[in-house]
1. Could you please tell me which pairs satisfy a Cβ distance under 7 Å, a separation of 6+ or placement on different chains, a first residue in the range 108-134 that is touching a residue at least 40 places away in the same chain (Cβ under 8 Å) and part of a helix (DSSP H, G or I), and a second residue that is open to solvent by less than 60 Å² (accessible area, probe 1.4 Å) and not hydroxyl-bearing (Ser, Thr, Tyr)?
2. Counting only residues that are of a type in the set (S, T, N, Q) and assigned to a loop (DSSP other than H, G, I, E, B), how many does the range 43-98 have?
3. Six or more apart or on different chains, Cβ atoms under 7 Å: show the pairs whose first residue is in the range 76-103 and in contact (Cβ under 8 Å) with a residue 40 or more places away in the chain and whose second is among the β-branched types (Val, Ile, Thr) and part of a loop (DSSP other than H, G, I, E, B).
4. For residues in the range 19-59 being more than 11 Å from the chain's Cα centre (by Cα) and β-branched (Val, Ile, Thr), which is most open to solvent (accessible area, probe 1.4 Å)?
5. With the condition kept exactly as written, say whether any residue in the range 78-89 is modelled with pLDDT of 95 or more, open to solvent by 90 Å² or more (accessible area, probe 1.4 Å) and within 29 Å of GLU115 (Cβ to Cβ).
Amino acid sequence: MGDTGTEAVREAGQLPFDVFSRQCPSRGTLEHVTGRWGSLTLGALFESGARFNELRRRVDGVSEKMLSQTLHALERDGLVHREARLTNPPRVDYELTALGREVAGRLMELIQLVEGRMPAVVEARSRYDAARDA
C-alpha cells in the first residue's frame, strides 16, 4: 500500500480507506477532527458560523497560531468553509460544510456523552488516585 499507484487507486475510490493503516489519508483527517483544537473548533462552529476572534473566544485556551492552523487543516479536509469578505475592515467568516456538519454532529453526540458521564469519570479518577496513593 504506500506506492503512488495504490494511492491513486485509493483516491479514485476503488480501495477502501483504512484508518488503522499508517499510509491511509483518513488517519490525518481523523487526527484533525479528534485532536483537541479540531474537535473544539468543530463543536464551536456546529451551532453557527463565526469570525476568527469569535471562535478564539469560544475555544478557550487556543492560541491564534493553533486556531489558524486548525482552521486551515479543517478547510483543506473539506469540513470548514472560509469566506473572506472585501469590506473595510476585511472580514473572514468560517462555517461548517455539509460534510463538516455531519462530522460535527457525531462529535457533538460524543461531547454530550462525555459531559453527561463526568460524575462517573470524576469518581473513577478519585478511586484510581486513592489506589495509587495507598
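1. MET108/GLY43; MET108/PHE46; ILE111/GLY43
2. Applying the first criterion (of a type in the set (S, T, N, Q)) to the range 43-98 yields 48, 53, 63, 68-70, 87-88, 97.
Then drop every residue that is not assigned to a loop (DSSP other than H, G, I, E, B), which leaves 48, 63, 87-88, 97.
Total meeting the criteria: 5.
3. Taking only residues 6 or more apart or on different chains, the pairs are LEU79/THR97.
4. So, considering only residues that are more than 11 Å from the chain's Cα centre (by Cα) and β-branched (Val, Ile, Thr), the one most open to solvent (accessible area, probe 1.4 Å) is VAL19.
5. Yes, there is a match, as at least one residue in the range 78-89 is modelled with pLDDT of 95 or more, open to solvent by 90 Å² or more (accessible area, probe 1.4 Å) and within 29 Å of GLU115 (Cβ to Cβ).
The values are calculated or read from the model by the stated rules, or taken from the named source; none is laboratory data. This structure is a prediction, so every number in the text was calculated from the model and none was measured. Cβ: placed from backbone, ideal geometry, glycine included. Neighbour counts: every protein chain shown. Heavy atoms of the whole protein, side chains included, go into the accessibility calculation; ligands, DNA and RNA do not. Shrake-Rupley method; radii C 1.70, N 1.55, O 1.52, S 1.80 Å.
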